[in-house]
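Structure first, then comments.
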Amino acid sequence: MLISKRSKYVFSPIRENEALAEKLVRSGKKIIKMNIGDPAVYFPTPEYIINAYIEALKSRKTSYSTSQGVFELREAISSRYKHMYGIDASPDDIIVTQGVSEALLFINSMLLNEGDRALLFKPYYSIYMPMVGLFGGKPLFANYDEENGWNVDIEELKKVIKRSKTKKPKYMLVTNPNNPTGKVLDRKVLSEIVDIANEHDILLISDEIYDELVYNGASFTSIGQLAKGMPYILLNGASKDFDATGFRLGYILIPEQDKKSEMLKKKLIEYAQTRLSVNTPAQYAFAEGLNNAKMHDASLKEMVKEIESRANFIAKLVNESKFMHTEKPDGAFYIFPRINMKMLKLKDDREFVNKLLEEELVQVTRGSGFGSPNHIRIVVLPPKDILELSVNKINAFCERYKKEA
Ligand code: PLP
């Protein structure tokens, strides 16, 4: 067979309807795209970062960079962590990648052997799954608990780990703030997660790509503020906080100096060397994004204020519908409403999103793609008139498919 068995793991529920959407667009239809979490579509990437990119090009910073990432950028990341969270991570503890997406590829490939377990929480960011499967891993699931505002159910987590005794997970991956639920985990829950990881000697990975996109009074704690002394990994990048998705820049931070952390850093750097370098001018632009705190704070503040307002606006509209209910998010830019499928003549959430796209030209992502069926994920970034129109269309769609009483 030409294609490998593992290729079956490669898929993205977020983009699975792109071909259909494109066909509709080519036939002259206008789609409301609420499936991709791309802030740069709605909020222009800040001017000072764009200028730094242009400057890097003009000064011919166009060669390969070191595989680990340009030193200026790693220095800027190191200062960010010291300044924001009091975390000591030297530039040597940082590996720059082509987005957190590539970081996930590196990490899974360097950690997993055939049959190894990776502990994920449902609903998970959908791209975690192909990354685990491609490298022979098997996911082990705990839950963010919808009944409890999408918090981690600590008692259940303990049970999941206890049950996995002979096949203890290699790592546990937390997403905070969360995609798709918008939940920001509080310090107490995070401390308990750290204690559990410590007790069972499980590597803790925290995907904190939305760490500055927090609102509605929530406050964010980095795993690095709690996990002192145990090996852990932080993931972050330019895509969300810096509104620069198309730069394709992320990074892996492994602050501790213990034997395991050092071994992992070495292997990840070796992996980085096999793909030579990431985009060089973009790295200089990102370094300026990080270093120019005044400009960053100003543009971030504006963006977060607007995201908060849009998120609350659509959450309220959704909760006025008899067909769905959502928790109000306090971070990132998604809502994850539960759909009352029992009221509808539709088989499942996949049929729901496919028909919604075809008939109402609204593109959202099925909850089953995040491990939580009977939900849909809606990106809350569009302006309010579009958000309102989309909720009206979803309601009209549900009315049309309502079961007879
Ligand atoms: N992690 C989470 C939780 C995300 O939501 C995303 C993108 O939406 C990514 C990682 C990937 O980000 P990137 O590859 O752009 O850095």
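Points worth noting:
- Euclidean distance between Cα centres, region 73-149 to region 152-230, Å: 11 Å
- For the pair residue 7 and residue 71, label points projected 7 Å from Cα toward Cβ lie 4.4 nm apart.
- Sparse-neighbourhood loop sites, trypsin sites (Lys or Arg not before Pro) in region 311-396 - DSSP loop, at most 13 other Cβ within 10 angstrom: 322, 345, 347
- The trypsin sites (Lys or Arg not before Pro) of region 41-131 meeting both criteria, a DSSP state outside H, G, I, E and B (loop) and at most 11 other C-beta atoms within 10 angstrom of the site's C-beta, are 60.
- Size descriptor, Kirkwood hydrodynamic radius, that averages inverse alpha-carbon separations across region 200-240, Å: 11.6 Å
- Most to least accessible of 84, 129 (protein chains only, probe 1.4 Å): 84, 129
- As a calculated quantity, the FRET efficiency between residue 270 and residue 343 at R0 = 51 Å, using C-beta atoms, amounts to about 0.40.
- Accessible area of residue 394 in the full protein assembly, 1.4 Å probe (Å², nearest 10): 0 Å²
- The phi torsions of region 307-319, fed into the Karplus equation with coefficients 6.51, -1.76 and 1.60 and a -60° offset, translate into couplings of 4, 4, 5, 5, 4, 5, 4, 6, 4, 5, 4, 4, 6 Hz, rounded to whole numbers, with Gly and Pro shown as x.
- Spin-label model, residue 43/residue 393: points 7 Å from Cα along the beta carbon direction are separated by 2.4 nm.
- Per residue, the accessible area of the chain comes to 44 Å² when a 1.4 Å probe rolls over the protein heavy atoms.
- Translational diffusion of region 255-405, µm² s⁻¹ [Kirkwood Rh, Cα pairs; Stokes-Einstein; 25 °C; 0.890 mPa s]: 131 µm²/s
- In this structure, the amide hydrogen of residue 122, modeled 1.01 Å from its nitrogen in the peptide plane, lies closer than 5 angstrom to those of 142, 143, 144, counting only residues at least 5 positions away or on a different chain.
- From the largest down, region 151-202 spans 34, 21, 17 angstrom on the principal axes of its Cα atoms.
- Loop-located trypsin sites (Lys or Arg not before Pro) in region 156-208 (DSSP state not H, G, I, E or B) with no more than 11 neighbouring Cβ atoms inside 10 Å do not occur.
- For residue 166, solvent-accessible area (1.4 Å; no DNA, RNA or ligand), Å²: 140 Å²
- For region 65-171, the Stokes-Einstein estimate of translational diffusion at 4 °C and a viscosity of 1.567 mPa s comes to 81 µm²/s, using the Kirkwood hydrodynamic radius over alpha-carbon pairs.
- Accessible-area rank, largest first, for 330, 297: 297, 330, with all protein chains present and a 1.4 angstrom probe.
- In the chain, the DSSP beta bridges split such that about 50 percent are antiparallel, to the nearest 5.
- Crossing angle, helix 280-291 versus the chain [Cα axis fit, 0-90 degrees, rounded to tens]: 90 degrees
- Cross-link partners for residue 260 among the lysines, with Cα-Cα distance under 19 Å and sequence neighbours closer than 8 places in the same chain left out: 168, 170, 228.
- Cα-based Rg and Dmax for region 99-153, where Dmax is the largest Cα-Cα distance (Å): 12.3, 36
- Taking the square roots of five times each eigenvalue of the Cα gyration tensor of region 1-135, the equivalent ellipsoid has semi-axes of 31, 26, 16 Å, listed largest first.
- Radius, Kirkwood style, for region 316-405 when every pair of distinct Cα atoms is counted (Å): 13.1 Å
- Near residue 249, the amide H atoms lying under 5 Å from its own belong to 99, 238, 239; only residues 5 or more places off or on other chains count, and H is placed 1.01 Å from N.
- Among 121, 7, 40 the positive-end extreme of the charge dipole of the chain (Cβ point charges): 7
- Sorting the Cα pairs of region 1-77 by distance into bins of 10 Å, from 0 upward, gives 12, 23, 23, 31, 10, 0 percent per bin.
- Built amide H within the under 5 Å cut-off of residue 150, gap 5+: 145
- Were the residues from residue 297 through residue 59 laid out at 0.36 nm apart, the gain over their Cα-Cα distance would be 83.0 nm.
- The distance linking region 1-52 with region 276-297 is 24 Å (Cα centroid to Cα centroid, whole angstrom).
- Point-charge dipole on Cβ atoms (K/R +1, D/E -1) for the chain, about Cα centre, debye to 20: 1340 debye
- Over all pairs of different C-alpha atoms in region 154-275, the reciprocal of the mean inverse distance, the Kirkwood hydrodynamic radius, equals 15.7 Å.
- Summarising the label geometry, the points placed 7 Å from Cα in the beta-carbon direction at residue 322 and residue 83 lie 5.4 nm from one another.
- Values of log10 I(q)/I(0), in the order q = 0.17, 0.26, 0.27 Å⁻¹, for region 55-111 under a Debye, Cα-only, solvent-free model: -0.70, -1.07, -1.09
- In Å², nearest 10: area of residue 399 left accessible to a 1.4 Å probe: 80 Å²
- Dividing the Cα radius of gyration of the chain by its Kirkwood radius returns 0.96 for Rg/Rh.
The values are calculated or read from the model by the stated rules, or taken from the named source; none is laboratory data. Computed from a predicted model, the values in this text were never measured in an experiment. With ideal geometry, Cβ positions are generated from the backbone for all residues, glycine too; neighbour counts draw on all protein chains shown. Heads up: the accessible areas ignore ligands, DNA and RNA and are worked out on the full protein's heavy atoms, side chains in. Shrake-Rupley method; radii C 1.70, N 1.55, O 1.52, S 1.80 Å.
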